[in-house]
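The values are calculated or read from the model by the stated rules, or taken from the named source; none is laboratory data. All values reported here derive from a predicted model rather than from experimental measurement. Every residue, glycine as well, gets a Cβ built from its backbone with ideal geometry; the counts of neighbours run over all protein chains shown. Surface accessibility is based on the protein's heavy atoms, side chains included, excluding ligands, DNA and RNA. Shrake-Rupley method; radii C 1.70, N 1.55, O 1.52, S 1.80 Å.
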Amino acid sequence: MSAEGRAPVRILAFAGLPGSGKSTLARLLAAELGASLFDKDEWRARMFAAGEIEYSRAQDECVMERIHREVEGLAAGRVVSEVVLDGRTYSRAEQVAALRALALRCGAELVLIECVCAAEVAAERLKRDRAHPAANRGPELLARLAAEAEPITGPKLVLATDSEPPERTLARLREALARV
């Protein structure tokens, strides 16, 4: 509880490679909780004209900085009790460090949820998902990010997403969140 007697804002951040199921679960969880959902790829599409979208690391950082400022504002005003972050892999140590720093600045509880699945499952999901706002998603991106990924250290929930329907995985996530 904060000094004002209110529980801190809870940041639920989904991590994982493209096709790992993080966006599906983030949307389901946000809807169930009535939480604000911040999707990096949707924010990019709002921030940049179609011809300006480049999917570069610099553009990713620009989008995430904007999202972090928005979350900080919501947390400072106690406008929301929970936010869900989606769209970033958090596959680099500095990305996780920035996320943890955001939670610290906000006085928020951070729950980092790493979605994992077999590479072939992720590749198949990427082939099927043509409606995703990130046009650069595909087998090449998956392979590159998997090769460059650094392990996420520190507290996190690891959620296998390839053995059951998303609704059942969400139920397992709810159970895990109740224990955190």
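A few remarks follow.
- Test for residue 149: is it of a type in the set (A, V, I, L, M), closer than 21 Å to residue 111 by Cα and exposed (fewer than 12 other Cβ atoms within 10 Å of the Cβ): no
- Counting the residues of segment 9-36 that are farther than 19 Å from residue 143 by Cα, part of a helix (DSSP H, G or I) and open to solvent by 10 Å² or more (accessible area, probe 1.4 Å) gives 6.
- Of all residues in segment 35-69, those that are among the polar types (S, T, N, Q) and more than 13 Å from the chain's Cα centre (by Cα) total 2.
- When residues of segment 44-59 are limited to those that are in contact (Cβ under 8 Å) with a residue 24 or more places away in the chain and open to solvent by 30 Å² or more (accessible area, probe 1.4 Å), the one nearest to residue 101 (Cα to Cα): 55
- Residues of segment 68-87 that turn out to be touching a residue at least 40 places away in the same chain (Cβ under 8 Å), outside any helix (DSSP H, G or I) and open to solvent by less than 60 Å² (accessible area, probe 1.4 Å), as a count: 7
- In this structure, residue 65 does satisfy being at pLDDT 95 or above, of a type in the set (Asp, Glu), in a helix (DSSP H, G or I) and surrounded by fewer than 21 Cβ atoms within 10 Å (Cβ to Cβ).
- Taking every residue in segment 135-156 that is part of a loop (DSSP other than H, G, I, E, B) and pairing it with any residue that is open to solvent by 50 Å² or more (accessible area, probe 1.4 Å) and among the hydrophobic types (A, V, I, L, M, F, W, C), at least 6 positions away or on another chain, the pairs with Cβ-Cβ distances below 6 Å are 150/93.
- Cβ-Cβ under 9 Å pairs, at least 6 apart or on other chains, segment 89-107 side touching a residue at least 24 places away in the same chain (Cβ under 8 Å) and among the basic types (Lys, Arg), far side surrounded by fewer than 20 Cβ atoms within 10 Å (Cβ to Cβ) and in a loop (DSSP other than H, G, I, E, B): 92/149; 92/150; 100/154
- In segment 70-84, the residues that are modelled with pLDDT under 85, among the hydrophobic types (A, V, I, L, M, F, W, C) and either under 12 Å from residue 105 (Cβ atoms) or over 19 Å from the mean Cα position of the chain (by Cα) (or both): 79
- Residue count for segment 102-122, restricted to those that are part of a helix (DSSP H, G or I) and either open to solvent by 40 Å² or more (accessible area, probe 1.4 Å) or in contact with a Cys (Cβ under 6 Å, 6 or more places away or on another chain) (or both): 5
- Restricting attention to segment 157-173, the residues that are open to solvent by 50 Å² or more (accessible area, probe 1.4 Å) and in contact (Cβ under 8 Å) with a residue 24 or more places away in the chain add up to 4.
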